[in-house]
Amino acid sequence: MKAYQRVLIFLVINFAALGIGSWLMGNGPASEWYTNLNQAPWTPPGWVFGVAWTSIMICFSFYMASLIKLKASKFVIGWFALQFVLNVSWNYVFFNQHLLPLGLWIILLLTIVVAVFLFKYKTVMKAKTWLIVPYVLWLLIASSLNAYILLNN
């Protein structure tokens, strides 16, 4: 399979995750429940989330397309699938069901899963490792936002 085909497949899968997650969270960030929460002072404006997730998923698609070419294993595919499920489910658990403690556990687990990609394959991926760094950094920020909401509401 050619490089652009792998990238395209991961773009479709990753943006499907964003779409499914958005659908599952309903009105989410614009809901009365969320807007009335005591949110962290470092919570970015709403538009930042769209820009961040779009950029992250583009980078992650290129990362995964390269990784799958170098290390097409059951572990990589399984770990990617776990990342997909955790990413999608957090939206439903947090925004739709308002289960803050479970939401925090999910996002922390998602952070660990993505960090495993970062550290486990950094020698194989070399400079392309930088493509996954924004995802890890964003998840650390998102985890802190989730934790703040849990602890202050």
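The values are calculated or read from the model by the stated rules, or taken from the named source; none is laboratory data. These numbers were taken from a predicted model, which means no experiment stands behind them. Don't worry about glycine lacking a Cβ; one is built from the backbone with ideal geometry, like all the others, and counts go over all protein chains shown.
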TODO: Examine the stretch 64-73 for a residue that is assigned to a helix (DSSP H, G or I), within 14 Å of residue 139 (Cα to Cα), of a type outside the set (Asp, Glu) and within 14 Å of the chain's Cα centre (by Cα), and state whether such a residue exists.
DONE: no
Open item on the list: Can you report the number of residues in the stretch 35-65 which are of a type in the set (Ser, Thr, Tyr) and either in contact with a Ser or Thr (Cβ under 6 Å, 6 or more places away or on another chain) or in contact (Cβ under 8 Å) with a residue 40 or more places away in the chain (or both)?
Closed with: 4
Open item on the list: Quick check on residue 55: is it touching a Gly at 6+ places or on another chain (Cβ under 9 Å), in a helix (DSSP H, G or I), over 19 Å from residue 153 (Cβ atoms) and polar (S, T, N, Q)?
Closed with: no
TODO: Report yes if some residue within the stretch 111-119 is over 16 Å from residue 18 (Cβ atoms), at pLDDT 95 or above, touching a Pro at 6+ places or on another chain (Cβ under 9 Å) and assigned to a helix (DSSP H, G or I); otherwise report no.
DONE: no
Task: Matching residues, the stretch 1-25, being in a helix (DSSP H, G or I) and of a type outside the set (A, V, I, L, M) - done: 4, 5, 6, 10, 14, 15, 19, 21, 22, 23
Task: Those residues of the stretch 84-108 which are within 15 Å of residue 143 (Cα to Cα) and polar (S, T, N, Q), in sequence order - done: 87, 89, 91
Open item on the list: Residues that are closer than 17 Å to residue 15 by Cβ and either surrounded by fewer than 21 Cβ atoms within 10 Å (Cβ to Cβ) or of a type in the set (D, E, K, R) (or both): does the stretch 121-132 have at least one?
Closed with: no
- [ ] Considering (1) at pLDDT below 95; (2) over 21 Å from residue 147 (Cα atoms); (3) in a helix (DSSP H, G or I); (4) not aromatic (Phe, Trp, Tyr), say which one residue 50 fails and leave the rest.
- [x] (2)
